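Let me begin by presenting the structure, written as structure tokens, before commenting on it.
The values are calculated or read from the model by the stated rules, or taken from the named source; none is laboratory data. Everything numeric here is computed off the predicted structure, so don't read it as measured data. Reconstructed Cβ throughout: ideal geometry from the backbone, glycine too, with neighbour counts over all protein chains shown.
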Amino acid sequence: MFGSFGPYLLFVLPPFLLGLWAQRRVRVNFEKYSKVGTTAGMTGAKVARQMLDAEGLYDVKVERVAGNLTDHYDPRGKVLRLSEATHDSVSVAAAGIAAHEMGHALQDAKGYGPLVLRSALVPTVNIGSRFGTWMFMGGLLLTSFLGSQLGFYIALAGLGLYTLVALFSVITLPVEFDASRRAKALLTEHGILYKDEMEGVDAVLNAAALTYVAAAIQAISQVLYWAFILFGRRR
Ligand SMILES: [Zn+2]
């Protein structure tokens with residue numbers, strides 16, 4: 001049904017391997033720098049609280065959330081949720097991650113454009129990622145077995161929905177890069193970390209950024225691969 005494996009190996013496999021490598025780098029760097037304590041000796045929660053207060057974001061709450069690397073900022077509830085490993089740890093990795101999430105809270109407070117756009121896309125993207133794949137596969141099956149024109153348009157609609165998912169992953173990039181940039185600046189500005197402690201923060205946050213780059217490349221490659229299959233059949 002999908003012809004030769006050539007296009008698959010070209011479009012899908014390299015981005016997938018890049019993603020695996022990026023995730024591994026996150027794990028390795030997180031493990032390494034979660035064992036390195038900071039001079040200030042503040043927990044991730046305290047780092048976040050102090051930075052939020054220093055920037056006047058008193059209404060943003062800091063909470064503990066279960067799970068591994070589940071740290072995130074919730075713009076709707078104005079809550080900064082830190083995983084246990086970040087919330088209660090006094091490590092360089094915890095300070096970096098807490099500061100990064102605080103960077104998202106700051107983006108929200110300042111109405112940072114890419115974050116606003118990203119939040120607005122969330123409901124559509126949820127539908128796209130849920131139905132896009134099934135519509136594409138279903139439509140493709142219809143065209144294969146029934147030769148129907150309708151199948152082609154269903155697959156095309158699935159491709160369109162998935163293109164939105166890819167677009168979302170691209171808009172995520174400036175949001176993530178900007179949060180880390182703000183985090184690094186504020187950590188030294190507020191005297192939470194010394195310059196030589198920033199090496200670990202860089203390593204952890206850069207590795208995390210790479211996973212977002214890999215995810216965006218994966219999504220774009222998926223769109224190209226599907227387009228190649230869909231339009232390749234028509235010729
Ligand atoms: Zn982030």
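Results, tabulated for the structure shown:
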| quantity | calculated |
| --- | --- |
| Filter result for F145 (within 16 Å of the ligand (Cβ to nearest atom) and closer than 30 Å to A227 by Cβ) | no |
| Some residue of region 80-103 being free of Cβ contacts under 8 Å to residues at least 40 places away in the same chain, within 15 Å of the ligand (Cβ to nearest atom) and surrounded by 23 or more Cβ atoms within 10 Å (Cβ to Cβ) | yes |
| Residues (surrounded by fewer than 18 Cβ atoms within 10 Å (Cβ to Cβ), without any contact (Cβ under 8 Å) to a residue 40 or more places away in the chain and not basic (K, R)) located in region 123-140 | P123, N126, I127, S129, F131, T133, W134, M137, G138 |
| Residue within region 91-110 that is farther than 30 Å from Y225 by Cβ and assigned to a strand (DSSP E or B) present | yes |
| Total residues in region 90-120, condition of a type in the set (S, T, N, Q) and under 12 Å from V204 (Cβ atoms) | 1 |
| Any hit, region 168-177, residues being free of Cβ contacts under 8 Å to residues at least 24 places away in the same chain, over 21 Å from F11 (Cα atoms) and not hydrophobic (A, V, I, L, M, F, W, C) | no |
| Residue in region 104-115 that is surrounded by the most Cβ atoms within 10 Å (Cβ to Cβ), counting only those that are farther than 15 Å from E176 by Cβ and either among the aliphatic types (A, V, I, L, M) or away from the ligand (no atom under 16 Å from the Cβ) (or both) | A109 |
| Residue that is of a type in the set (A, V, I, L, M, F, W, C), part of a helix (DSSP H, G or I) and at pLDDT below 90, where the choices are L205, L186, L141 | L141 |
| Residues satisfying the stated conditions in region 12-34, i.e. farther than 11 Å from V204 by Cα and assigned to a loop (DSSP other than H, G, I, E, B) | V12 |
| Single match in A215, A185, A179, A208 (criterion: within 16 Å of the ligand (Cβ to nearest atom), within 24 Å of the chain's Cα centre (by Cα), exposed (fewer than 15 other Cβ atoms within 10 Å of the Cβ) and of a type in the set (A, V, I, L, M)) | A185 |
| Condition broken by R76, with the remaining ones in (1) under 19 Å from the mean Cα position of the chain (by Cα); (2) closer than 17 Å to S180 by Cα satisfied | (2) |
| Residue match in region 143-160 (condition: touching a residue at least 12 places away in the same chain (Cβ under 8 Å) and touching a His at 6+ places or on another chain (Cβ under 6 Å)) | no |
| Criterion: over 20 Å from the mean Cα position of the chain (by Cα), away from the ligand (no atom under 16 Å from the Cβ) and in contact (Cβ under 8 Å) with a residue 60 or more places away in the chain - qualifying residue of V36, V47 | V36 |
| For A219: the one exception among (1) more than 24 Å from F131 (Cβ to Cβ); (2) at pLDDT below 95 | (1) |
| Number of positions in region 40-79 that are surrounded by fewer than 19 Cβ atoms within 10 Å (Cβ to Cβ) and in a strand (DSSP E or B) | 7 |
| Any chance E63 is at pLDDT below 95 and not aliphatic (A, V, I, L, M) | no |
